[in-house]
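The values are calculated or read from the model by the stated rules, or taken from the named source; none is laboratory data. This structure is a prediction, so every number in the text was calculated from the model and none was measured. Cβ placement follows ideal geometry from the backbone for every residue including glycine, while neighbour counts extend to all protein chains displayed. Please note that ligands, DNA and RNA were not included when accessible areas were found on the heavy atoms of the full protein model with its side chains. Shrake-Rupley method; radii C 1.70, N 1.55, O 1.52, S 1.80 Å.
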Amino acid sequence: MIKRIGILLFAVILVAFFSGCVKEMTADQIVQNMKEKQGSIKDFSATMTFTMSFLGQNMTAKAKIMNKMPDKTRIEYLEPSEAAGQVVLSDGARIWTYDPKTKTAAKEEIQKTGMDFSRVTWTL
């Protein structure tokens with residue numbers, strides 16, 4: 001999931017960056033171009049601010065995300081202060097987390113949940 005979010009964010013940033021450099025395109029053309037380019041991405045990094053909603057509660061966070069295709073991801077939370085410094089690593093099969101404030105680490109296998117993320121909405 002994190003990998004998909006990162007890829008989508010990177011693609012949106014690329015589209016926004018190059019939108020002034022090309023002729024007008026339809027939404028379908030933009031999506032097609034993104035799909036064609038996605039396979040050539042080898043790695044990327046970004047600082048992302050996002051808001052998550054879960055069980056009626058919202059949380060805004062800022063994190064530095066680094067991704068090396070096809071399945072390696074590193075996320076370091078910068079904000080809020082309660083989460084700052086926490087690190088999440090993934091190799092596609094496992095997730096490691098580390099909290100420097102409590103000096104605790106955890107490792108978990110990634111379960112294929114079959115969750116539907118088609119209702120995820122992005123606000124940029």
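With respect to Ala63, determine if the residue is assigned to a loop (DSSP other than H, G, I, E, B), surrounded by 11 or more Cβ atoms within 10 Å (Cβ to Cβ), small (Gly, Ala, Ser) and modelled with pLDDT of 90 or more. Talk me through it step by step, then tell me what you get.
Numbers: assigned to a loop (DSSP other than H, G, I, E, B): no; surrounded by 11 or more Cβ atoms within 10 Å (Cβ to Cβ): yes; small (Gly, Ala, Ser): yes; modelled with pLDDT of 90 or more: yes.
Judged against the criteria, Ala63 is not a match.
What are the residues in segment 40-51 that are open to solvent by 80 Å² or more (accessible area, probe 1.4 Å), part of a strand (DSSP E or B) and without any contact (Cβ under 8 Å) to a residue 60 or more places away in the chain, if any?
Of everything in segment 40-51, those that are open to solvent by 80 Å² or more (accessible area, probe 1.4 Å), part of a strand (DSSP E or B) and without any contact (Cβ under 8 Å) to a residue 60 or more places away in the chain turn out to be Asp43, Thr47, Thr49.
Are any residues in segment 66-95 in contact with a Gly (Cβ under 8 Å, 6 or more places away or on another chain) and surrounded by fewer than 17 Cβ atoms within 10 Å (Cβ to Cβ), and if so, which ones? Explain how you work it out, then say what you get.
Of the residues in segment 66-95, the ones in contact with a Gly (Cβ under 8 Å, 6 or more places away or on another chain) are 67, 70-73, 76-77.
The answer is Pro70, Asp71, Lys72.
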